[in-house]
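The values are calculated or read from the model by the stated rules, or taken from the named source; none is laboratory data. Not measured: the values here are computed from a predicted model. For neighbour counting, all protein chains shown are included, and Cβ atoms are generated from backbone atoms with ideal geometry for every residue, glycine included. To get the accessible areas, we keep the full protein, side chains included, count just its heavy atoms, and leave off ligands, DNA and RNA. Shrake-Rupley method; radii C 1.70, N 1.55, O 1.52, S 1.80 Å.
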Amino acid sequence: MSNIEWRKDTLVLLDQTKLPTEITYVYCADWRQVAEAIKMLRVRGAPAIGVAAAYGLILAAMEAGNLDAPFSEQLISLYEFSETLKETRPTAINLAWAVDRVISLVKYHVESMSSMREVVDLITKEAIIIHKEDVYLNRRMAEAGATLFEGQKNIRILTHCNAGALATGGLGTALGVVRKLHENGQLDRVYADETRPLLQGARLTAFELHEDGIPVTLETDNMAAYAMQHGLIDAVIVGADRITTKGDVANKIGTYGVAVLAKFHNIPFYVAAPYSTFDFTLENGSDIPIEMRDDYEVTSLYGVQTAPNDIDVLNPAFDVTPHELVTAIITEEGVLKPNYEESIHKLRQIIESK
């Protein structure tokens, strides 16, 4: 199933809020619809929202081109639209990375262009490149991650949230590694945390693995400790929304708790992420902006009230796992290990040399 597809002048997104009971697509002919889809988690997962935002900029450029204004003012409108897109979800850096990459390209070539039609063509080509690149990066990460399990059989992986095909343009980050292990005949099963409060593990991870015939066992978040204590887990693999130069990792709320449990039970804790998830401007995880979401996500479930009226709610969408708890970071350029400041610096040098 394709979760992101560009069709002529429309971005088609699989509505992940309807899964697993209903397969529905959202047809975005306006960049604001893309922004709404990102904000409301119709499309989600750090790499996927980066790809979606890149396509959304095509629609933004088309709208700017229809304004009754000089080319220079149309460009200003495009830049303003792009900033609004970036603000929809502040923690996942892939979103800002994709938008900045596209807009920087426009600014680099703007002197040689004279119409928004040319800008639209340029953005379209770059958005397609970003999408295809994500497919490629996912495959490279899967291959790199599998090297951590050479010679092992009947591997049992615990994962949190959804870092699969639904969260990317390709195989997935964490689940890309899982798929490679399954392909190699090394995987016994995946234990999927339910991932409260929005159940991305139950609704999405369990769904896509089950659909692909990969053995999966669903557990609520507070069962992870039990599974580890009873020897059911050999390794943890999660995705990421932002990684600092020290190796601190922002990911879906609850990831930090899983990392603490893994450390106590001497279970390796791996993070899988492409280079676009690394924030080379931030050193410490405490500096990562954490998105706070609406109370109703905690006080109700599918419209059914589950908490008292007017109760105070704490609802951060992400938490930060300190680098000390991360065994290794799986990237398309190979597996990074401590000292992360050194290995991430080398990754940055490789990326900037390309």
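K153 to N222: FRET efficiency via 1/(1 + (r/R0)^6), r the Cβ-Cβ distance, R0 35 Å, to the nearest 0.05?
Here the calculated transfer efficiency is 0.75.
So, with a 1.4 angstrom probe, what is the percent of accessible area on region 112-171 that is carbon and sulfur?
Roughly 52 percent, rounded to a whole number.
Suppose every K and R has +1 on its Cβ and every D and E has -1 on its Cβ; what is the size of the dipole of the chain about the Cα centre, in Debye to the nearest 20?
880
At 0.36 nm per residue, and after removing the present C-alpha to C-alpha distance, how many nm does the segment from N339 to E183 gain when stretched out fully?
Gain on extension, N339 to E183, equals 53.0 nm.
When the helices in the chain are scored as -39500 (n - 2.57) per DSSP H run of 4 or longer and the sum is shared across all residues, what 222 nm value do you end up with, to the nearest 500 deg cm²/dmol?
Computed ellipticity for the chain at 222 nm equals -13000 deg cm²/dmol.
About the Cα centre of region 236-354, what is the dipole size in debye to 20, counting +1 per Lys and Arg Cβ and -1 per Asp and Glu Cβ, all else neutral?
Charge dipole of region 236-354: 540 debye, to the nearest 20.
Please list, by residue number, every one of the GluC sites (Glu not before Pro) in region 1-62 that is coil in DSSP and has at most 14 other beta-carbon atoms within 10 Å.
E22
Which one of N266, T159, F149 has its Cα pushed farthest toward the positive end of the charge dipole of the chain, where Lys and Arg give +1 and Asp and Glu give -1 at the Cβ?
Working it through, the farthest residue towards the positive pole turns out to be F149.
Tell me the net charge near N284. Cut-off is 11 Å between Cβ atoms, N284 excluded, with +1 for each Lys or Arg and -1 for each Asp or Glu.
In short, -3.
Let me have the relative contact order for region 99-198, percent, based on Cα pairs under 8 Å that are six or more residues apart.
27
Between E87 and K346, how many nm apart are label points set 7 Å from Cα along the C-beta direction?
About 4.1 nm separates the two model spin labels.
Treating only the Cβ atoms of Lys and Arg (+1) and Asp and Glu (-1) as charged, compute the dipole magnitude of region 1-43 about its Cα centre; round to the nearest 20 debye.
Rounded to the nearest 20 debye, it is 60 debye.
GluC sites (Glu not before Pro) within region 104-157: which are DSSP loop residues with at most 12 other Cβ atoms inside 10 Å?
For GluC sites (Glu not before Pro) across region 104-157 that sit outside H, G, I, E and B with at most 12 neighbouring Cβ atoms in 10 Å, the list reads E150.
Apply 1/(1 + (r/R0)^6) to the Cβ-Cβ distance of I128 and Q229, taking R0 = 45 Å, and write down the FRET efficiency to the nearest 0.05.
0.40
Return one whole number: the accessible area per residue of the chain in Å², for a 1.4 Å probe.
44
With only alpha-carbon atoms counted, please give the Rg and Dmax of region 55-130, in Å.
Over region 55-130's Cα set, Rg and Dmax evaluate to 11.7, 35 Å.
Once the mean 1/r over all distinct Cα pairs of region 237-354 is inverted, what Kirkwood radius in angstroms do you read off?
Kirkwood hydrodynamic radius for region 237-354: 15.5 Å.
Select from V249, V135, V304 the residue whose mean-square fluctuation is largest in a Gaussian network model of the chain (Cα-Cα springs shorter than 10 Å).
Comparing V249, V135, V304 in the GNM, the peak value goes to V304.
Considering the chain, what Rg and Dmax in Å follow from its alpha-carbon atoms?
Final numbers for Rg and Dmax: 20.2, 67 Å.
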